[in-house]
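Taken together, the values in this text are just the output of simple stated rules run on the coordinates, not laboratory data. Bear in mind the structure is a predicted one, so any value in this text is a computation, not a measurement. Cβ placement follows ideal geometry from the backbone for every residue including glycine, while neighbour counts extend to all protein chains displayed.
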Amino acid sequence: MSVQTPPFPASRALTTQPLPLRRDRQLGAKSLFGLAGLVSLVTLLPLGFIIWITIQTGWETASSLIFRPRVAELLLNTALLEALTLPACIVLAVALAWLTERSDLPGARLWSWLAVAPLAIPAFVHSYAWIGVAPGMHGLFAAMLVSVLAYLPFLYLPVSAQLRRLDPALEDAAASLGLAPWRVFLRVVLPQLRIAICGGSLLIGLHLLAEYGLYAMIRFDTFTTAIVDQFQSSYNGPAANMLAGVLVLSCLGLLALEIVLRGEARYARLGSGAPRPVSLRKLRRATLPALLLPLALAALGLGIPSYALARWLAAGQGAVWQAPELASAFGETLIYAVGGAVVTTLAAVPMAWLSVRAPGRLQRALEGSHYYVGALPGVVVALALVTVTVRIAPLYQSVATVLIAYALMFLPRALVGLRSGIAQVPVELERAAVSLGRRPLLAILSVTLRLAAPGVAACMALVAMGITTELTATLMLAPNGTTTLATQFWSLTSELDYAAAAPYAALMIVLSLPLTALLHAQSRRASGQ
Amino acid sequence: MSLLDISGLSKRYGQQTALDNVDLAVPSRSRTAIVGPSGSGKTTLLRIIAGFETPDSGRVALDGQVLADGPLIAPAHRRGIGYVPQDGALFPHLSVAENIGFGIEAGDAGRGARIAELMDMIELDRSMLTRRPHELSGGQQQRVALARALARRPALMLLDEPFSALDAGLREAVRKSVARVLQQAGITTILVTHDQAEALSFADQVAVLRQGRLAQAGTPHALYWRPRDRDTALFLGDAAVLEAEFRDGFVSCALGRIPTEADARPGTVTIMLRPEQIRLSPAGIGQGEAAACHGEVDEIEFGGSLCAITVVVEANGARQRILVHASSLELPAPGTRVRLDVVGKAHILER
Ligand SMILES: Nc1ncnc2c1ncn2[C@@H]1O[C@H](COP(=O)(O)OP(=O)(O)OP(=O)(O)O)[C@@H](O)[C@H]1O
Ligand SMILES: [Mg+2]
């Protein structure tokens, strides 16, 4: 090229000393495996705690604490709650999803938004609202009603996404084989919804086990409420720990049940070509009765909370907004949410990178431990951390402990988002950075994570919003004097000052709205719309 | 003196052998092209040299420094080897200047000057320094990627099919300018390509990989005219491969008696002739017509300046199809009888 440029001298960029030779399986993988292993060790804390405490307690004491009428009663309550809530949720979610996705229901898009919107309302705010309109409400059926309304979106989202993805050609084929429409639905459509139904039901089932505020408010006893009560009265006694053991077993049982029910079957479209858009079934005269379902659900799941909240806000007038506690709780919540999101995301980075760049047996094992911990109730995570921080590391009731609890509970959320972000960055860029002299870990930081930034930001937002409405672990672990929106709301409602609690509920809802919109958009995008 | 020494290099992925006992020496300041069909292990070889992959066995040494000895390897970021992957892999979040300067220490006083100097070398206008990679054409991106790798003053530059994403005309221009830049900088270069024409025109040394094995290495001229076997002969260009009888420095085949380089045992051999070694002329005029070889034009493939003509020759009762190149000015019509004369020597292939 330009002839006047002096020849570029070729010189070794290397130092004169010989380079060390090492057994390096992959660039940077070793140190990241180390970090991910460290995080995995922490994720094993809750399970390790349960096993260790059971051994410590001894079989005699443990069995006397486990096999007693109180535990049987809690077990029955929990089982009944699951047995009543899950089928109701499945039936309602499938019906609602079919109406919004496959029928010519007027305003289907609006109904679909309204079906997801209850997610923005924390579960314990749902029961707060119901207590407000029906003060005498408690017991199993109240618990079931509020649970269905609060958690239905967890099933509606995957089922409607799956319905949108289904190939209508299959249904046409079945119809041409002489099946009546409702038989087509039972024999062709429903089986293909199995994975979505199983996944959504598992999520709801785990929430039913883990939720504290919802059931405490309407005085329905579950394992979680019993553990928190025990904890608050006798601090860290073996009774609470043994209950936690049974709770963890229930969670593992649900996980196993879901694996069995989901089966190995995979429903994918065979054949080529893009699927034809679905033709919507005409409801004709059934339109009005059909509208009753989304209308009723929206009225109960959104209307009641809005009405109750509006009433309490009006009752409190402007004064409740001026309480200095409100501003400080808002500030503290933001600090915890941001801090927790940063810690959680950092903890998830090594695993996310490994699962994209270095898949293998070790990686799968480590990743499994990252996911399982998200299925554990916050109360178990909190109990484990209490024990560890009291006995081993003097961090009890410190901010660090709260952040670790958040990281454990929301690790799967962060991992999913990060992984897809990193997968979009070509590995060649990382290699180019290394060949230009960057250390492998620096190359990952300055190139891969930098380019995955949008994904990183989205997953931090998801975690932050989860933390905003977290109640159980915060109540159990936060330093004395900490007030977040959730804990302040909780202490005000415990004092039956419902009007003063209303602004806290409103703020939590506002902060959760983006999360809800994000989830709705994600499920649309996943099905290519 | 060779700069890069590779000996006994092997690499397997599960059941798949990617490299099988490869030996290669790359002389200092030379340009080596590695060619081979898809899946023959070219990229794997390059990645091992760059340090992105660990060999199962074998050694790689650069200027006396051992970079890989079996599974023991030196860290990639300290090897000082430049690497330009297929699509350039420019960092999309950085400007052209930041891309080029990526490998230069941030505190380096001469950084800006070096970046400008490199821009001149790759003949890009300095006003492009602030652009983002997506605002460049494919060829410009490749040249920036080259400048980025050059900024580190590497002793060895690895290019993995850097021109394959460019269209035919641009590819040649970019290849030439890249070759010139590297020549000026005096940097030893290894180019991976599956385009034999590119390999032959770019390199001082060509190495042919096949199923992970090094089939042959040598100068482009040697490889083109004296390939070891039939596969290599056909991989590097069109050729007529014929059965022949060897005796006293001559081979007798369907095209008559042709001189050859002498040392072979008398008997049946396989020979190779390149299409440009065979001249066509109308039958029935010229001298020595009776002794000459004749055939019938079967097919003509028009190719612009040079056309491929298939001639059917009958010898000893067998019909042989022979490919000949001819200028498009003097194309015979299909079905015409033509006379074939061989220029130069026939090359005997290993069987
Ligand atoms: N990471 C890997 N895992 C498993 N097999 C691999 C991997 N990388 C390469 N291979 C296999 O090793 C063989 C050589 O691959 P390589 O990429 O070196 O071929 P190549 O000559 O560069 O081919 P191409 O011209 O198509 O780029 C192929 O059979 C390929 O399938
Ligand atoms: Mg390749």
Among the DSSP beta bridges whose two residues both lie in chain B, what percent are antiparallel, rounded to the nearest 5?
75 percent
Size of electric dipole in the protein assembly as shown: Cβ of Lys, Arg +1 and of Asp, Glu -1, about Cα centre, debye, nearest 20
420 debye
Spelling it out for B:ILE34: with amide H atoms placed in the peptide plane at 1.01 Å from N, the residues 5 or more places away or on another chain with amide H under 5 Å from its amide H are B:LEU191, B:VAL192, B:THR193, B:ALA207
Using eta = 0.692 mPa s and T = 37 °C, Stokes-Einstein with Kirkwood Rh from Cα pairs puts D for the protein assembly as shown, in µm² s⁻¹, at 99 µm²/s
For A:179-187, what's the mean count of beta carbons from other chains sitting within 10 Å of each residue's beta carbon?
0
Per-residue mean of C-beta atoms belonging to partner chains within 10 Å, peptide B:76-87:
6
Please get the size of the charge dipole for the range B:257-327, origin at its Cα centre, with Cβ charges of +1 on Lys and Arg and -1 on Asp and Glu, quoted in debye to the nearest 20.
180 debye
Extension length gain for A:LEU75 and A:VAL133 (0.36 nm per residue less Cα distance), in nm, is 17.9 nm
Would you calculate the separation in nanometres between label points at A:ALA457 and B:SER30, each defined as 7 Å from the Cα along the Cα-to-beta-carbon direction?
5.2 nm
Could you list A:ARG68, A:ARG439, A:ARG281 so that the one with the fewest beta carbons within 10 Å of its beta carbon is first and the one with the most is last?
A:ARG68, A:ARG281, A:ARG439
Sequence-distant or interchain residues sharing an amide H contact under 5 Å with B:VAL251, placed H: which?
B:ILE258, B:THR260
Förster-model FRET efficiency, 45 Å R0, A:ARG68 and A:ASN480, C-beta, rounded to 0.05:
0.85
Ellipticity estimate at 222 nm from DSSP helix runs (n ≥ 4, -39,500 (n - 2.57)) divided over chain A, nearest 500
-23000 deg cm²/dmol
Phi to ³J(HN,Hα) by Karplus 6.51 cos²θ - 1.76 cosθ + 1.60 over the range B:26-36, Hz, x for Gly, Pro
10, x, 4, 6, 9, 10, 10, 10, 10, 10, x
Comparing B:ILE81, B:ILE122, B:ILE300 in a Gaussian network model of chain B (Cα, 10 Å), the one with the largest mean-square fluctuation is B:ILE300
Order of A:344-354, A:363-373 by packing, highest average Cβ count within 10 Å first?
A:344-354, A:363-373
Where does the charge balance sit around B:ARG339 when Lys and Arg score +1, Asp and Glu -1, over other residues with C-beta under 13 Å from its C-beta?
-1
Counting only residues 5 or more places away or on other chains, whose amide H sits under 5 Å from the amide H of B:ALA215 once H atoms are built in the peptide plane?
B:VAL208, B:LEU209, B:ARG210
Considering only DSSP beta bridges with both partners in the protein assembly as shown, what is the antiparallel share in %, to the nearest 5?
75 percent
Please work out, to two decimal places, the log10 of the ratio I(q)/I(0) at q = 0.10, 0.15 Å⁻¹ from a Debye calculation in which every Cα of the range B:238-349 carries one identical scatterer.
-0.28, -0.63
Normalised contact order of chain B, rounded percent, pairs of Cα under 8 Å and 6 or more residues apart
15 percent
Inter-site label distance for B:PHE302 and A:ARG281 at 7 Å from Cα along Cβ, in nm:
6.3 nm
For labels at A:LEU255 and A:ALA423 in the simple 7 Å Cα→Cβ model, what's the distance in nm?
2.1 nm
Average beta carbon contacts from partner chains per residue of B:47-54, 10 Å cutoff:
3
Ranked output for segments A:43-49, A:298-304, A:243-249 by mean other Cβ atoms within 10 Å, highest leading, reads A:243-249, A:43-49, A:298-304
Which whole-angstrom value gives the distance between the alpha carbon centres of the range B:263-334 and the range B:62-116?
52 Å
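Mind jotting down a quarter of the surface of the convex hull over the alpha carbons of the range B:2-231, in square nanometres, one decimal?
Averaging across all directions leaves 12.9 nm² for the Cα convex hull.
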What share of Cα pairs, in percent, lie more than 17 angstrom apart in the range B:1-41?
41 percent
Karplus-derived 3J(HN,Hα) from phi for the range A:246-254 (6.51 cos²θ - 1.76 cosθ + 1.60, θ = phi - 60°), whole Hz, x at Gly and Pro, runs 5, 4, 4, 4, 4, 4, 4, x, 4
With unit charges on the beta carbon (Lys/Arg positive, Asp/Glu negative), name the residue among B:PHE250, B:GLY14, A:LEU280 whose Cα is farthest towards the positive pole of the charge dipole of the protein assembly as shown.
A:LEU280
